[in-house]
Amino acid sequence: MGAPMSRRLLAAGFPLTVWNRTRAKAEALQAQGARVAETPSEAASGADIVITMLEHGGVVEDVLFSPGLPGAASSLHPGALVIDMSSISPTATKAFAAKVNQAGAQYLDAPVSGGEVGAKAG
């Protein structure tokens with residue numbers, strides 16, 4: 001669902017930096033104007049809004065906090081907003097929100113439904 005949603009943001013004129021564990025998926029958005037980042041941290045650097053849409057809580061944790069990637073949370077500036085659109089457990093969501101809040105940023109749990117068909121339809 002991330003790619004169709006990204007295309008809608010780009011079509012609406014929003015600047016977008018993307019990162020994906022499968023680089024080819026991120027690169028597919030370049031033709032529409034997206035900038036491809038090398039790491040989640042680079043993708044989040046300077047961003048006012050960071051959106052994650054991932055398959056489970058373990059991946060969300062890695063993308064946000066893994067020192068090995070490095071994670072997006074390492075680049076959040078005070079006042080930034082992390083919107084997690086993944087369907088993950090409330091326990092994980094609360095833990096991630098607490099870590100993001102400690103960095104001075106905000107966390108919004110906003111899981112989506114409708115699948116890729118709904119994302120394409122807007």
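Listed values, structure above:
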read-out	value
Within the chain, helix-based [θ] at 222 nm, where runs of 4 or more DSSP H residues each add -39,500 (n - 2.57), nearest 500	-11000 deg cm²/dmol
Sulfur and carbon atoms: percent of accessible area, the chain [1.4 Å]	55 percent
Surface per residue (accessible, 1.4 Å probe) for the chain, Å²	55 Å²
Of the GluC sites (Glu not before Pro) in segment 41-99, those whose Cβ has at most 11 other Cβ within 10 Å and which sit in DSSP loop	Glu55
Size of electric dipole in the chain: Cβ of Lys, Arg +1 and of Asp, Glu -1, about Cα centre, debye, nearest 20	220 debye
Semi-axis lengths (Å, descending) of the ellipsoid that matches the C-alpha gyration tensor of the chain	21, 17, 13
Average Cα contact separation per residue, the chain, under 8 Å, 6 or more apart, as relative contact order %	24 percent
Most mobile listed residue (Ala95, Ala31, Ala44) in the chain, GNM with C-alpha springs under 10 Å	Ala31
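The values are calculated or read from the model by the stated rules, or taken from the named source; none is laboratory data. As the structure is a computational prediction, the values presented were derived from the model and not from experiment. Cβ: placed from backbone, ideal geometry, glycine included. Neighbour counts: every protein chain shown. Surface areas here come from the heavy atoms of the whole protein model, side chains and all, with no ligands, DNA or RNA. Shrake-Rupley method; radii C 1.70, N 1.55, O 1.52, S 1.80 Å.
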